[in-house]
1. From the residues in region 33-45 that are open to solvent by 60 Å² or more (accessible area, probe 1.4 Å) and among the hydroxyl-bearing types (Ser, Thr, Tyr), which one is nearest to the chain's Cα centre (by Cα)?
2. Take the residues in region 1-14 that are open to solvent by less than 60 Å² (accessible area, probe 1.4 Å) and touching a Phe, Trp or Tyr at 6+ places or on another chain (Cβ under 9 Å), then tell me which one is nearest to residue 71 (Cα to Cα).
3. Which members of region 54-68 meet the condition of being open to solvent by 50 Å² or more (accessible area, probe 1.4 Å) and more than 23 Å from residue 7 (Cβ to Cβ)?
Amino acid sequence: SHVARTFRERLGVTIGEYLRVRRLQIAADTLLTSKRAIASIATGAGFCDQSHFGRAFSAHYGSTPASLRRELGGVVL
């Protein structure tokens, strides 16, 4: 509990929130730099399935993974 409390005091988020955001960032980077299927990216980033990933991604970024990829024209960076 000391580690969790100190983590939150220092970073302003819980360990779980931090990990979830990092997984979403990794997935977003992969989404924009590869042509891998979204389901594959979701499981690779640690989400249980594409549906769970899509909900978390939309809540965090305000757009679905497919919409983001489409909006950027499928450009691989």
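1. 43
2. Just the residues of region 1-14 that are open to solvent by less than 60 Å² (accessible area, probe 1.4 Å), to begin with: 4, 6-7, 12-14.
Next cut, touching a Phe, Trp or Tyr at 6+ places or on another chain (Cβ under 9 Å) only: 7, 13-14.
Values: 7: 36, 13: 30, 14: 32 Å.
Per the criteria, the residue is 13.
3. Within region 54-68, the subset open to solvent by 50 Å² or more (accessible area, probe 1.4 Å) is 55, 59-62, 64.
55, 61, 62, 64, listed by residue number.
Residue by residue, here is whether (1) outside any helix (DSSP H, G or I); (2) of a type in the set (A, V, I, L, M); (3) touching a residue at least 12 places away in the same chain (Cβ under 8 Å); (4) open to solvent by 70 Å² or more (accessible area, probe 1.4 Å) holds:
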residue: 16; (1), (2), (3), (4): no, no, no, no
residue: 20; (1), (2), (3), (4): no, no, yes, yes
residue: 28; (1), (2), (3), (4): no, yes, yes, no
residue: 31; (1), (2), (3), (4): no, yes, yes, no
residue: 47; (1), (2), (3), (4): yes, no, yes, no
residue: 52; (1), (2), (3), (4): no, no, no, no
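The values are calculated or read from the model by the stated rules, or taken from the named source; none is laboratory data. These figures come from a predicted structure and were not determined experimentally. Cβ sites come from the backbone with ideal geometry, for glycine too, and all protein chains shown count toward neighbours. Just so you know, the surface numbers come from the protein's heavy atoms only, side chains and all, with ligands and any DNA or RNA stripped out. Shrake-Rupley method; radii C 1.70, N 1.55, O 1.52, S 1.80 Å.
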